[in-house]
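Here the structure is laid out as structure tokens; the discussion comes afterwards.
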Amino acid sequence: MTRNAPGGLRFGMFAVCVIRDGSPDLAGKPKELYTVLVTFSDVQARDTDKGYPYRTALAKAMGCSTKTVDRATAALEKMGLVTTHRRKLPGSSENDANRYELHDGWLIQGMEPGPDVPPQLVARYGHLIPGFDVEAFLGGGDTSVATPGDMGVATGGDMGVAQSRDLLQEPSSRTNVPDGRRPSTGSRGRASGGFAASGKTNPPPLTREQHQQAAGFFQALPKELADLVPANPPSNLKAAVLEALAAGRPQERTAQQLVDFRLLPKWNKHYASTDAAGPIERPVGVLIAMLRRDAECGDARCDERTNVDTGQPCRACEVRGVDKRAERAAEEPVRPLGRPVATAPPRAPVRRLAGPVPPPREAPMTEVSDQQRVLARQALLNRTRTPR
């Protein structure tokens, strides 16, 4: 029985949000494998049934080993972007090329996902679809567990297709080794990476209006601040944005007021030089810290000593500064008078000539007669010479 020859297709389509996602769980070989699978995938069916890539062909295209392909495939399946279907040659027990199913069609078309799309992928990129209610799709569950950087916990519900390790790649010599980084679920935990009991109470899910408020704020950010926002903003960042906007409260701000009078002053003062020296290690933490309001005075319309409504310096902060300086001056102890310091006697004035300084005199040249030259020459010739 002969195998079908693998071959890449002439045209491919990929999801831009996946390519631009800089999350650690997707960086490196997983993202490279996704781009290679796109070249073997049909643009409509979104699977590799026509391209027919073997693991060796994928490894050659990526410049790595088949074991590296296995690890990259596991990472893509973990985030719900790819599902691997294991196949056998017809009428034989010999393994055939796996069929890779890509769940990125809804992201490419910009439409709501279908019921067969893994929920963790919807939780990761669903906010990019305008008007799409991620919470309603997931049944009101907590979407923060599927955000980039914490993909180890899967949301409940039917995954639509099996994603266990039995359906990974073609058989290899690698044995399944438990991941030491993942805590044991215990006797009551789910064996396939499901839920673990926790005493924490999940915060209520955000409403559709709150999602739109957070999305509008992210769109108002300038480039240097927008680069800090991950592809799928985590729930704690969205909560910090909503707290800073303070809708319906005296501290209410528009997105532009937050950017102009709170974020940019803090960025230029504390973080711009760090960002110029290299990428910031924890950009989400930096954004949350800059979103917090520093209430230096009692004026609810003050941000960083500036009135957000007028753009003028805050009067309350100026008065507070004057009071502080007066208090410090009153608390300073009176310095005792010491011995007078002896001063040097005044220098005598320098006498200066009334007129200009004359040029230095030149020594007169003495004329030598011919007779003197002859006598000097004879004396030089008649001198007593000592033998060497």
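The values are calculated or read from the model by the stated rules, or taken from the named source; none is laboratory data. Nothing here was measured: the structure is a model prediction, and the numbers come from that model. So basically every Cβ, Gly included, is an ideal-geometry build from the backbone, and we count neighbours across all protein chains shown.
Based on what the data block shows, is residue 288 part of a loop (DSSP other than H, G, I, E, B), in contact with a helix residue (DSSP H, G or I) (Cβ under 6 Å, 6 or more places away or on another chain), touching a residue at least 40 places away in the same chain (Cβ under 8 Å) and of a type outside the set (Ser, Thr, Tyr)?
no
Report, by residue number, each residue of the stretch 99-121 that is touching a residue at least 12 places away in the same chain (Cβ under 8 Å), in a loop (DSSP other than H, G, I, E, B), surrounded by fewer than 22 Cβ atoms within 10 Å (Cβ to Cβ) and of a type outside the set (D, E, K, R).
Once the filter is applied, which keeps residues that are touching a residue at least 12 places away in the same chain (Cβ under 8 Å), in a loop (DSSP other than H, G, I, E, B), surrounded by fewer than 22 Cβ atoms within 10 Å (Cβ to Cβ) and of a type outside the set (D, E, K, R), the stretch 99-121 yields 110, 111, 113, 115.
Yes/no per residue for (1) closer than 21 Å to residue 86 by Cβ; (2) among the hydrophobic types (A, V, I, L, M, F, W, C):
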residue	(1), (2)
19	no, yes
40	yes, yes
44	no, no
53	yes, no
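List every residue pair whose Cβ atoms sit under 9 Å apart, with the two residues 6 or more apart in sequence or on different chains, where the first one lies in the stretch 241-253 and is assigned by TED's automatic domain parsing to the domain that holds residue 212 and the second, anywhere, is among the hydroxyl-bearing types (Ser, Thr, Tyr) and not in a helix (DSSP H, G or I).
245/254
Here's the yes/no breakdown for (1) part of a helix (DSSP H, G or I); (2) under 25 Å from the mean Cα position of the chain (by Cα); (3) at pLDDT below 90:
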| site | (1), (2), (3) |
| --- | --- |
| 2 | no, no, yes |
| 9 | no, no, yes |
| 18 | yes, yes, no |
| 38 | yes, no, no |
| 43 | no, no, yes |
| 57 | yes, no, no |
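Pull up the stretch 76-116, narrow it to residues that are of a type in the set (A, V, I, L, M) and touching a strand residue (DSSP E or B) at 6+ places or on another chain (Cβ under 9 Å), then point me to the one that is modelled with the lowest pLDDT.
89
Taking the stretch 233-268 on its own, how many of its residues are charged (D, E, K, R) and within 22 Å of residue 17 (Cβ to Cβ)?
1
Give me the pairs: first residue in the stretch 310-334 and at negative phi, second residue surrounded by fewer than 10 Cβ atoms within 10 Å (Cβ to Cβ), beta-carbon distance under 8 Å, and six or more apart or on different chains, which are they?
If the second residue must be surrounded by fewer than 10 Cβ atoms within 10 Å (Cβ to Cβ), the pairs left are 316/298.
Report those helices (runs of 4 or more DSSP H) wholly inside the stretch 219-280 carrying at least 2 residues which are aliphatic (A, V, I, L, M), in contact with an Asp or Glu (Cβ under 9 Å, 6 or more places away or on another chain) and at pLDDT below 90. Let's see the steps before the verdict.
Numbers: elements: 223-226, 235-245, 255-258, 272-277.
Counting at least 2 such residues, we get no helices (runs of 4 or more DSSP H) at all.
Of everything in the stretch 122-154, what is modelled with pLDDT under 50 and either surrounded by fewer than 20 Cβ atoms within 10 Å (Cβ to Cβ) or under 17 Å from residue 22 (Cα atoms) (or both)? Give them in sequence order.
141, 142, 144, 145, 146, 147, 148, 149, 150, 151, 152, 153
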